[in-house]
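I'd like to ask you about the structure that follows.
The values are calculated or read from the model by the stated rules, or taken from the named source; none is laboratory data. Note that the structure is predicted; figures quoted are calculated from it, not measured. All Cβ positions, glycine included, derive from the backbone under ideal geometry; neighbour counts span all protein chains shown.
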Amino acid sequence: MSRTTPDGLIAARTGRACLPLPSNRLGLYLALRHWCSPGQRLLMSPVSADEILFLVLAAGLRPVMAPLSPRDGNIDVSRIDLAAVDAVLTTNLYGLPDQVAAFAGKILIEDVAHALETTVGGRPLGTFGQAGVFSLSKHAGAGSGGVLAVADPSDLKELTQARDRLLEPGAWRAELLSVATSAARRAAIRLGLVRPALRLMRALGMQEEREGYRIALRAEELERAGRKAAEPADAEPLPLFDSWVRADLHDYRARRGRPARWYQARALARVPRERDRRLAGVAELARLPCVAPGVRDHLDQPLFRVPMLVEERDAAVAELERHGVSTGYLYDPPYDDYAPGFVAPSPDPGPARWWARHVLPVDPLQARRALPVLRRLRPARW
């Protein structure tokens, strides 16, 4: 496996066998389908991107909502009953690590989209469970791409076959446009041209218009899709859920050609060079009174985003944009409130609701530009 390819670079970091993918989303679905059986109960965070819930449902699993810690927005392991679930999906929100050691003995799928550079005890996240699923569009800013890292290389053959059955043809022109757009967006954010960058994303369908929740639930349609997916004749249920899963990334199953793979590898290779700047930004932001307490436990981690917990969050987002700082990665209210009837509710949804309402994720690479705004914000108190 070449170290000049995205999967080769992740393999070098993790020491695992790796499968290249067009998106993190497809990797999560493949992992859940491969290691879990339909009907099993999956413990997961109730605060994450909406499409993650639909991937779990497409895999035929019963989502069990975990209570969250107010300190870091991750699963509160002191308040869960692992005997009541079959598997665990971690989130590692904004790069803050879930307590992976607590899930030993369970099927563990690690979503490390936010945690490309996070380690626990010197060991990279994505190497603790049966599988770790990486995103190339977060830290690397490559606009697309994912990598599935597996503990047992013998699993790769079946996973590759499952991936290939789900891939759709790519389009050369669309791929070149995606690469150019991603590069332009990265440059605009680096230069503080956030508003033009957001307008460009919306014009190209990378950030879709919404009313209320980011993805409309459409409960009756979702229930029908679930029933059809459970029929024995339907071997690959994911396409039934495409209208939910594809939000803001319509080509999440499209094959990627040489331009995208070249751009992804270059972007991924750049990440270690930004490590010191990212760590410096984390340290600077951690001094603020509104920082999430869990950040101060991980000052040695080059986080994807530094979560602030603030009052009047929407006004803060708008003010940051005026200062050239893009926020992003704000999540809708917890799945308990979003999809009742489709999830087993958390025993205590309070912390998740509080985090979803108050969290303000800040890019540590933009810390200096954000500080004049952040210093004036009123901390939210739990």
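Name, by its number, the condition in (1) touching a residue at least 40 places away in the same chain (Cβ under 8 Å); (2) within 24 Å of V359 (Cβ to Cβ); (3) outside any strand (DSSP E or B) that does not hold for V56.
Unmet condition: (1).
Return the only residue of D72, D111, D76 being more than 20 Å from L55 (Cα to Cα), touching a residue at least 40 places away in the same chain (Cβ under 8 Å) and under 17 Å from the mean Cα position of the chain (by Cα).
None of the others qualify; the one that does is D72.
Here is a further query. Give segment 5-48 a look and list any residue that's part of a loop (DSSP other than H, G, I, E, B) and farther than 24 Å from P169 by Cα, or say none.
Within segment 5-48, G15, R16, C36, S37, P38, G39, Q40, S45, P46, V47, S48 qualify.
Identify, please: which residue in segment 241-254 is part of a loop (DSSP other than H, G, I, E, B) and touching an Asp or Glu at 6+ places or on another chain (Cβ under 7 Å) and is, among those, modelled with the lowest pLDDT?
Narrowing segment 241-254 to residues part of a loop (DSSP other than H, G, I, E, B): 246-253.
Still in the running and touching an Asp or Glu at 6+ places or on another chain (Cβ under 7 Å): 247-248, 253.
Values: A247: 93, D248: 89, R253: 97.
My answer is D248.
So which residues in segment 88-126 are small (G, A, S) and in contact with a helix residue (DSSP H, G or I) (Cβ under 7 Å, 6 or more places away or on another chain)?
Hits for segment 88-126 are A102, A113, A115, G126.
While we're looking at this one, here's another question. Go through the residues of segment 280-302 one by one and say whether even a single one is at positive phi and either of a type in the set (D, E) or at pLDDT 95 or above (or both).
Checking segment 280-302: not a single residue is at positive phi and either of a type in the set (D, E) or at pLDDT 95 or above (or both).
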